[in-house]
1. Of the numbered conditions (1) in contact (Cβ under 8 Å) with a residue 12 or more places away in the chain; (2) more than 10 Å from the ligand (Cβ to nearest atom), residue 28 satisfies every one except a single condition; which is it?
2. How many residues are within 16 Å of the ligand (Cβ to nearest atom) and in contact with a helix residue (DSSP H, G or I) (Cβ under 9 Å, 6 or more places away or on another chain) if we restrict to region 71-91?
3. Determine, yes or no, whether residue 51 is within 14 Å of the ligand (Cβ to nearest atom) and over 30 Å from residue 155 (Cα atoms).
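Bear in mind these aren't lab numbers, they're just calculated from the coordinates by the rules spelled out. Predicted model only: the values in this text are computed from it and were never measured. Virtual Cβ from ideal backbone geometry, glycine too; neighbours counted across all protein chains shown.
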Ligand code: 4NP
């Protein structure tokens, strides 16, 4: 099982968007049994809440489910359980490095690191920008690329054994 955790600040806008879109792609690839996905926030402010209305609206427009998704805060155990931790911006990376020990064997990157020639270095926070469309575009590209990387990894390990 490959485990992927998306992280942002509040866990109501960007990381739940990434979680839902990635889960949809993984399930359409027939890999739902082999990939586990979740999301979390560096802050606990919105714990227990559903995604932001703007995130829900764009997921609905794209026919992507967000059923049963509730915000939670990241914790040290996540760094033991997950193989990939994908943050949305430099501040998330900084906050995580300050508060948690990061094992050397996990992939801990920003979503924009998954983009070819990214036009931005961070995924803009639509909670402040109000632009859920641009954030969706970046998130969709990033998680699509991630799904291809993980699919190749799974196929390689299936072939080896
Ligand atoms: P997110 O956006 O990190 O993409 O979920 C935010 C959501 C809430 C707040 C900030 C960012 N807030 O200040 O409550």
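1. Exception for residue 28: condition (1).
2. Summing the residues that are within 16 Å of the ligand (Cβ to nearest atom) and in contact with a helix residue (DSSP H, G or I) (Cβ under 9 Å, 6 or more places away or on another chain) in region 71-91 gives 7.
3. Working: within 14 Å of the ligand (Cβ to nearest atom): yes; over 30 Å from residue 155 (Cα atoms): yes.
So residue 51 passes the test.
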